[in-house]
Amino acid sequence: MAKVLKERLMTSIDIGTTKICVLVAQQTGADNVEILGMGKAPSEGLQKGVVVNVAKTIQSIQQAIKEAELVSGISIESAYVGISGAHIRSLNSHGVVPIKKGMVRASDVISVLAAAQAIPVPEGYQVLHVLPQYFVIDGQERLQDPIGMHGIRLEVQAHIILGAITSVQNLVSCCEAAGIHVDDIILEPLASAQAVLSEDERQLGVGLLDIGGGTADLAIYQNGTIVHTYVVPVAGNHFTNDIAIGLRTSLKDAERVKIEHGSVDLYENKDIQVECAQGGNMRTISTQTLGMILHARAQELLHLVRKEIDNKHLKIYCTSGLVITGGGSLLNGIDVVAKGIFDMPVRIGNLHVSYALPGTLETPIYATGYGLLLHALKTRQTPFGRHVDGPFVKRVVSRMKSWVNDFF
Ligand SMILES: Nc1ncnc2c1ncn2[C@@H]1O[C@H](COP(=O)(O)OP(=O)(O)OP(=O)(O)O)[C@@H](O)[C@H]1O
Ligand SMILES: [Mg+2]
């Protein structure tokens, strides 16, 4: 392990519907981190990706933080935190500014992003991310990086992500009550994309579907940037509930059966034991019955995503197909069902990292936590470290710096 330097330390907290996962890492290169410790606790205070019980959420965060501190031997003070949930909205916007000194500088990019953000934000919502899709100077070709180019007028097309203020506040106050300062709030699909998509996929165009416990988050990329985001409030917990109802078993046993034998295969016929709902006795059922239940729910979920892709004409962006990640992607055969429904190549998104990870982290369940770290790395490497006066300006400028870095 490299010598631990405080200024290189970073922590992420993935506050999911089923688990809270804390990763402590040290930056080891421009886009590399070394994981120093992990802490995990069952998440009891969330439903469909949003906090519904503050006390339970604080407790789970504290438990996961404590475990990560013990494993890494590092005291955690602040963290990058992921956000998701059905309250997330996204829209595309346009901004124009004059180029002040005839050549685009970082300050012009910040101004044009601020102009793109001047939209009527619905009451109770706040801007979480402003993600530039492309820039145009004087009506010419689309550019990814306008800095240093000459011209008079700078335009940007940006994707704006909004979140409900109350959901953001609940997340921040849970972390603060657990003794953790929030460095930034990052949309979870953006984070997962960092962890599982290759650079080529993001350039050519790809869809990323993170099937968690409470929500399935869709993010569509092309030309290295996000084009569309959508959150479906159906995910892993619904599969478990269906099994519990369909097989008349407890939720706990339904979850076990899903993880041990879950498959969308309609033809596999093997006897398995499940616990009766009232507890105690075991019953024998066929995996074919289990497969029918899971297949039906997988179809429903994937058809909801397909409807969004069709309604918003997004298929043209998915040149490289669809990547499925999150715990729900571990359901056997879900990629095969998805291939049929989307009529495009589908793969399971395991972590796409340039060095070996501790074995236990090599599962799509940790894609968001790991991606939060990679996303934070990008926002740290900012070339705009000047002209900051006072705390408010500092906050606004650093927020904008992070938008600029969402892009570069
Ligand atoms: N082997 C498996 N087969 C099927 N499903 C699985 C498997 N392992 C985990 N899951 C399911 O994955 C879900 C949890 O995934 P994940 O950890 O990505 O969710 P989360 O981040 O807690 O939730 P969310 O992102 O929705 O807030 C659970 O519903 C769990 O049952
Ligand atoms: Mg998740």
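Taking a ≥ b ≥ c as the square roots of the eigenvalues of the Cα gyration tensor, an a/c ratio of 1.5 or more together with a/b larger than b/c marks the chain as prolate.
Taking a ≥ b ≥ c as the square roots of the eigenvalues of the Cα gyration tensor, the stretch 236-298 is oblate, since a/c reaches 1.5 or more and a/b is not larger than b/c. Each stretch of four or more DSSP H residues adds -39500 (n - 2.57); spread over every residue of the chain, this sum gives -11500 deg cm²/dmol at 222 nm.
If you build a Gaussian network model of the chain, linking Cα atoms that sit under 10 Å apart, which residue out of I83, I74, I35 swings the most? Evaluated over the chain, the most mobile residue of the options is I74. Within the straight-line cut-off of under 25 Å between alpha carbons, the lysines reachable from K100 are K394, K401, sequence neighbours fewer than 8 places apart in one chain being disregarded. Could you tell me the center-to-center distance, by alpha carbons, between the stretch 212-245 and the stretch 324-340 in angstrom? First find each Cα centre; the distance between them is then 11 Å. Using a cut-off of 20 Å between Cα atoms, the listed pairs K101/K378; K19/K252; K6/K378; K315/K378; K48/K315 include K101/K378; K315/K378; K48/K315 as exceeding that distance. Between the helical axis of 251-261 and the longest alpha-carbon principal axis of the chain there is an angle of about 90 degrees. Comparing V127, V51, V206 in a Gaussian network model of the chain where C-alpha atoms under 10 Å apart are linked, the largest mean-square fluctuation is found at V127.
Charge tally around G16: other residues with Cβ under 12 Å, Lys/Arg +1 each, Asp/Glu -1 each, net -2.
Between helix 54-72 and the chain there is an angle of about 80 degrees, using the helix long axis and the longest principal axis of the Cα atoms. The lysines whose alpha-carbon is closer than 19 Å to the alpha-carbon of K270, local same-chain residues fewer than 8 away aside, are K258.
The C-alpha atoms of the chain define a longest principal axis, and helix 391-407 lies at about 70 degrees to it.
Given a cut-off of under 8 Å on Cα pairs at least six residues apart, what relative contact order in percent is computed for the stretch 236-298? Walk me through the numbers on the way to the answer.
Working: 99 pairs, mean separation 24.0, N = 63.
That works out to 38 percent.
For the chain, leaving out every one of the trypsin sites (Lys or Arg not before Pro) that falls in a DSSP loop and has at most 16 other Cβ atoms within 10 Å, the longest unbroken run is 106-247. Comparing Q140, Q126, Q59 in a Gaussian network model of the chain, where Cα atoms under 10 Å apart are tied by springs, the biggest mean-square fluctuation is seen for Q140.
All of the numbers you see were taken from the coordinates with simple rules; none came from a lab. Worth saying up front: this structure is predicted, and the values here are computed from it rather than measured. No Cβ is skipped: glycine too gets one built from the backbone with ideal geometry, and neighbour counts run over all protein chains shown.
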